[in-house]
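The values are calculated or read from the model by the stated rules, or taken from the named source; none is laboratory data. As the structure is a prediction and not an experimental result, all values here were calculated from the model. With ideal geometry, Cβ positions are generated from the backbone for all residues, glycine too; neighbour counts draw on all protein chains shown. Surface accessibility is based on the protein's heavy atoms, side chains included, excluding ligands, DNA and RNA. Shrake-Rupley method; radii C 1.70, N 1.55, O 1.52, S 1.80 Å.
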Amino acid sequence: MSVLAVLEQSGGQWHRTSWETLAASQQLAAALGQPVEAAVIGTGIHVLAAEASARKLAKVWAIEHDLLDVYTADGYTAALEQLLRKAQPSLVLFPHTYQVRDFAPKLATRFSQVLVSDVIAARSDGGALTLVRQYFQGKLNGDVKVTGDGPVFASLQAGAWRADALENGPTAATVETFVPELSAAQIRQKPEPPFREAARAVDLTQAGIIVSVGRGIKEQANIAVVEDLARALGAELAASRPICDAGWLPMERQVGSSGQTVAPKMYVAVGISGAIQHLVGMKGAKTIVAINKDPNAPIFEVADYGIVGDLFEVVPALAEAARKAKG
Amino acid sequence: MKILVAIKQVPLRDSPLHANAAGKWIDDGGLSFEVNEPDAYALEAGLQLKEQHGGEVVVLCAGPERAGQTIREALAKGADRAIHIAADNLEALDTLGSAKLLAAAAETEKADLILTGLQSDDVGAGQTGVVMAELLGMPHSTIIMHAEVKAGGIRVKRELENGWFQHIEMPLPAVLTIQSGSSKLRYATLMGIKKAKTKEVRRLTPAELGGLPAAVASIEKIYTPRKNKQTQIFEGDAKTAAAQLIEKLKFEARVI
Ligand SMILES: Cc1cc2nc3c(=O)[nH]c(=O)nc-3n(C[C@H](O)[C@H](O)[C@H](O)COP(=O)(O)OP(=O)(O)OC[C@H]3O[C@@H](n4cnc5c(N)ncnc54)[C@H](O)[C@@H]3O)c2cc1C
Ligand SMILES: Nc1ncnc2c1ncn2[C@@H]1O[C@H](COP(=O)(O)O)[C@@H](O)[C@H]1O
């Protein structure tokens, strides 16, 4: 029995949330009284495996195969299934990345289990594990219990555990190379190299103040209201994803996991609920202001200042007050 | 080409949400419902592929009686027919359980392509389609923005993190989970709404699909999260609140 952290890398670069997952694994393993192991997957990953082995853990599995050079759902699932049958962990933790979303549910199904996804907290009451995840886009939390045979599978929300809590080991842990049996025929997805769309003309990462608009704005024509506040504050205009999807503002102004990650001096969220995919793109802002008619909107979980009210009344008043304050 | 689109009915966005008496799910009495947003995009993708390649779009929905309304709306937009797995309390199932029901129903159709939304607004597991693919032995890909049928398979544009994308090819039949915003949604026409009334909705019960699977993961308790952060909230009318906030931003946070 062990807690296994499945770390993510691509092209020899760690996904930054891998270390959060390892930190969480160390903490839960301590609570469960079990050793921590980690798995790294790819081709030529001994350098990464060695780096991971400096952390406080019992073992690093280097899952090596030529067919694992680029990620595929079929390849990763088959390789990890074989490792899990050998290593027999009681708990398998992943970072909740787009890649993990793509294969971990399939892997869990092979063990007649469910991936408890996007977990924000976990506790062990005498060995019985409770996993906390969000429902209704963060408006409610739920405590989840997992039964059944086979390991418990959970993916962890970015930022829910801190990477700086990671402990280093007194000596380097053993690295064991695991070569899964894979054949090219078994991998049905044929991936092409990643690409970006046209270069971004707007660099929100350089903005000192950002005023960001969400679906609370209702119609494209109303965006002028928020634009005026941005002007009054000398801010760049940004948006949540649905606004850019609708074509009301260009894609390059989208903030969040599939848009830009920003950390301005001040971020003003107007009519944005605060779904995690938006929060990951802006919670590093120094001061966060939220304007929302719903006092329970998850955006208030990260806001320093807030006004609960109708943005169509509040935003013009703010613009006026800002102009006055600036003189 | 036969395309199956899984759609889920969820509470209207911005619904007031409260735990039910058992504390294990929400009290949905008095709420209004709509189609899960990404599922509307999955339907749109299915309808567009049918327009290009011919064939049929079949809507697949597991939910209580009221889900019939959402199914009719999908038929009005142009789906050819529907399968309604009619059951209450589906929230007691876990993702594996509901995927088993959906996959068992899909099995009877022998579809070339199964589309789901990438994530539901209520449960938000983001995995039903992937689990269905595994149960049905099909390849899959997730967070799809675009799909193009090619000789011997399908080529998709998959969203990666931080503004990156990737094309992937795979053979059919396959399962894709569709991202919101992948194309413009169509509206139902008057004609469509009329026609929808005559379209076939095949009803299946969990019993006909092998019974309700037991859950391995279950919600013990659902609740409003306790706030960890101290947010200074400004009350009063808009003008007063705005003035107070700007003052704080100027003199306390010093960002103006
Ligand atoms: C894989 C994936 C990637 C994603 N990537 C991103 C991303 O990069 N960026 C992103 O933003 N989202 C992303 N999303 C979508 C995300 O999950 C949310 O759906 C989205 O952020 C919601 O946008 P919103 O807050 O504007 O809309 P909603 O959630 O609809 O919120 C609207 C808010 O406006 C408030 N409101 C309504 N009317 C008023 C009024 N008159 N006055 C004041 N307040 C009002 C409501 O109370 C509500 O809180 C992604 C989702 C997935 C699954
Ligand atoms: N009860 C259901 N009926 C039909 N489709 C569903 C159901 N539950 C989930 N789905 C599909 O699976 C997708 C992902 O849901 P989830 O895994 O809960 O995030 C949804 O967008 C739907 O397309």
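Only one of B:Gly54, B:Gly46 is at pLDDT 95 or above, within 15 Å of ligand 2 (Cβ to nearest atom) and either in the same structural domain as B:Ile114 (by TED's automatic domain parsing) or polar (S, T, N, Q) (or both). Can you tell me which?
Checking each option against the conditions leaves just B:Gly46.
Quick one: B:Arg72 ticks every box in (1) part of a helix (DSSP H, G or I); (2) within 10 Å of another protein chain (Cβ to nearest Cβ); (3) more than 25 Å from A:Leu115 (Cα to Cα) bar one, so which box is it?
If we test B:Arg72 against (1) part of a helix (DSSP H, G or I); (2) within 10 Å of another protein chain (Cβ to nearest Cβ); (3) more than 25 Å from A:Leu115 (Cα to Cα), just (2) comes out false.
Based on this model, can you work out whether B:Glu73 counts as away from ligand 2 (no atom under 13 Å from the Cβ) and more than 16 Å from the chain's Cα centre (by Cα)?
No: the conditions fail for B:Glu73.
Can you confirm whether segment A:197-219 contains a residue that is away from chain B (no Cβ under 12 Å), within 16 Å of ligand 1 (Cβ to nearest atom), more than 18 Å from A:Tyr267 (Cβ to Cβ) and open to solvent by 60 Å² or more (accessible area, probe 1.4 Å)?
Looking through segment A:197-219, at least one residue is away from chain B (no Cβ under 12 Å), within 16 Å of ligand 1 (Cβ to nearest atom), more than 18 Å from A:Tyr267 (Cβ to Cβ) and open to solvent by 60 Å² or more (accessible area, probe 1.4 Å).
Of all the strands (runs of 3 or more DSSP E) wholly in segment A:140-190, which have at least 2 residues that are away from every other protein chain (no Cβ under 14 Å)?
A:174-178
Of the residues that sit in segment B:159-179 and are farther than 23 Å from B:Ala103 by Cα and out of contact with any Asp or Glu (no Cβ under 8 Å at 6 or more places or on another chain), which one is least open to solvent (accessible area, probe 1.4 Å)?
Taking the candidates together, the pick is B:Glu159.
Report the residue count in segment A:165-182 for those that are open to solvent by less than 50 Å² (accessible area, probe 1.4 Å) and in contact with a helix residue (DSSP H, G or I) (Cβ under 7 Å, 6 or more places away or on another chain).
5
Residue pairs, Cβ under 8 Å, 6 or more apart or interchain, first in segment A:301-323 and assigned by TED's automatic domain parsing to the domain that holds A:Ala275, second of a type in the set (Asp, Glu) and near ligand 1 (Cβ under 9 Å from one of its atoms). List them.
Going by the 8 Å Cβ cut-off, the qualifying pairs are A:Val308/A:Asp294.
Yes or no: B:Asp39 within 16 Å of ligand 1 (Cβ to nearest atom), under 30 Å from B:Gly152 (Cβ atoms) and at pLDDT 95 or above?
yes
Out of the residues in segment A:258-274 that are in contact with a strand residue (DSSP E or B) (Cβ under 9 Å, 6 or more places away or on another chain) and open to solvent by 10 Å² or more (accessible area, probe 1.4 Å), state the one that is nearest to B:Val255 (Cα to Cα).
A:Lys265
Could you figure out which of (1) farther than 30 Å from A:Gln134 by Cβ; (2) assigned to a loop (DSSP other than H, G, I, E, B) isn't true of A:Ala263?
(1)
A quick yes/no check of all residues on (1) open to solvent by less than 60 Å² (accessible area, probe 1.4 Å); (2) within 7 Å of chain B (Cβ to nearest Cβ); (3) within 26 Å of A:Asn141 (Cα to Cα):
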{"position": "A:His278", "(1), (2), (3)": "yes, no, yes"}
{"position": "A:Met282", "(1), (2), (3)": "yes, no, yes"}
{"position": "A:Ile288", "(1), (2), (3)": "yes, no, yes"}
{"position": "A:Asn292", "(1), (2), (3)": "yes, no, yes"}
{"position": "A:Pro295", "(1), (2), (3)": "no, no, yes"}
{"position": "A:Asp304", "(1), (2), (3)": "yes, yes, yes"}
{"position": "A:Gly309", "(1), (2), (3)": "yes, yes, yes"}
{"position": "A:Val314", "(1), (2), (3)": "yes, yes, no"}
{"position": "A:Ala317", "(1), (2), (3)": "yes, yes, no"}
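From the list A:Arg188, A:Arg162, A:Arg110, exactly one residue is open to solvent by 40 Å² or more (accessible area, probe 1.4 Å) and touching a strand residue (DSSP E or B) at 6+ places or on another chain (Cβ under 7 Å). Which is it?
A:Arg188
Which condition does B:Thr177 not pass, out of (1) touching a helix residue (DSSP H, G or I) at 6+ places or on another chain (Cβ under 8 Å); (2) β-branched (Val, Ile, Thr); (3) away from ligand 1 (no atom under 16 Å from the Cβ), if it passes all the others?
Every condition holds for B:Thr177 apart from (3).
Mind listing just one residue for me: the one in segment B:110-167 that is outside any strand (DSSP E or B) and more than 21 Å from the chain's Cα centre (by Cα) and, of those, farthest from ligand 2 (Cβ to nearest atom)?
If we take residues in segment B:110-167 being outside any strand (DSSP E or B) and more than 21 Å from the chain's Cα centre (by Cα), then B:Ala151 is farthest from ligand 2 (Cβ to nearest atom).
Kindly evaluate B:Val10 against the criterion of being in a strand (DSSP E or B), assigned by TED's automatic domain parsing to the domain that holds B:Met145 and either within 16 Å of ligand 1 (Cβ to nearest atom) or open to solvent by 30 Å² or more (accessible area, probe 1.4 Å) (or both).
Criteria met by B:Val10.
B:Ile178 is checked against (1) within 9 Å of another protein chain (Cβ to nearest Cβ); (2) within 27 Å of A:Phe136 (Cβ to Cβ); (3) in contact with a Phe, Trp or Tyr (Cβ under 8 Å, 6 or more places away or on another chain) and fails just one. What number does that condition carry?
(1) is the only condition that B:Ile178 fails.
Go through segment B:231-256 and give me each residue that's out of contact with any strand residue (DSSP E or B) (no Cβ under 9 Å at 6 or more places or on another chain), within 19 Å of A:Val270 (Cα to Cα) and either more than 7 Å from chain A (Cβ to nearest Cβ) or among the acidic types (Asp, Glu) (or both).
B:Gly236, B:Asp237, B:Glu247
Exactly one of (1) in contact (Cβ under 8 Å) with a residue 60 or more places away in the chain; (2) surrounded by fewer than 23 Cβ atoms within 10 Å (Cβ to Cβ) is unmet by A:Pro95. Its number?
The failed condition is (2).
In segment A:202-218, what residues are in a loop (DSSP other than H, G, I, E, B) and touching a helix residue (DSSP H, G or I) at 6+ places or on another chain (Cβ under 6 Å)?
A:Val202 - this is the single residue of segment A:202-218 that is in a loop (DSSP other than H, G, I, E, B) and touching a helix residue (DSSP H, G or I) at 6+ places or on another chain (Cβ under 6 Å).
Looking at segment B:198-232 only, could you name the residues that are hydrophobic (A, V, I, L, M, F, W, C) and crowded, with 16+ Cβ neighbours inside 10 Å?
Of everything in segment B:198-232, those that are hydrophobic (A, V, I, L, M, F, W, C) and crowded, with 16+ Cβ neighbours inside 10 Å turn out to be B:Val201, B:Leu204, B:Leu209, B:Leu212, B:Ala215, B:Val216, B:Ala217, B:Ile219, B:Ile222.
Filtering segment B:62-119 down to residues that are open to solvent by 30 Å² or more (accessible area, probe 1.4 Å) and among the polar types (S, T, N, Q), which residue is farthest from ligand 1 (Cβ to nearest atom)?
Restricting to residues being open to solvent by 30 Å² or more (accessible area, probe 1.4 Å) and among the polar types (S, T, N, Q), the top hit is B:Thr108.
Give segment A:119-146 a look and list any residue that's crowded, with 22+ Cβ neighbours inside 10 Å and within 14 Å of the chain's Cα centre (by Cα), or say none.
A:Val119, A:Arg133, A:Gly138, listed by residue number.
Among the candidates B:Lys2, B:Lys24, which residue alone is among the basic types (Lys, Arg) and within 23 Å of B:Glu107 (Cα to Cα)?
Criteria check complete, one pass: B:Lys2.
Find the residue count for segment B:19-36, including only residues that are within 16 Å of ligand 1 (Cβ to nearest atom) and either open to solvent by 70 Å² or more (accessible area, probe 1.4 Å) or among the hydroxyl-bearing types (Ser, Thr, Tyr) (or both).
The total comes to 1.
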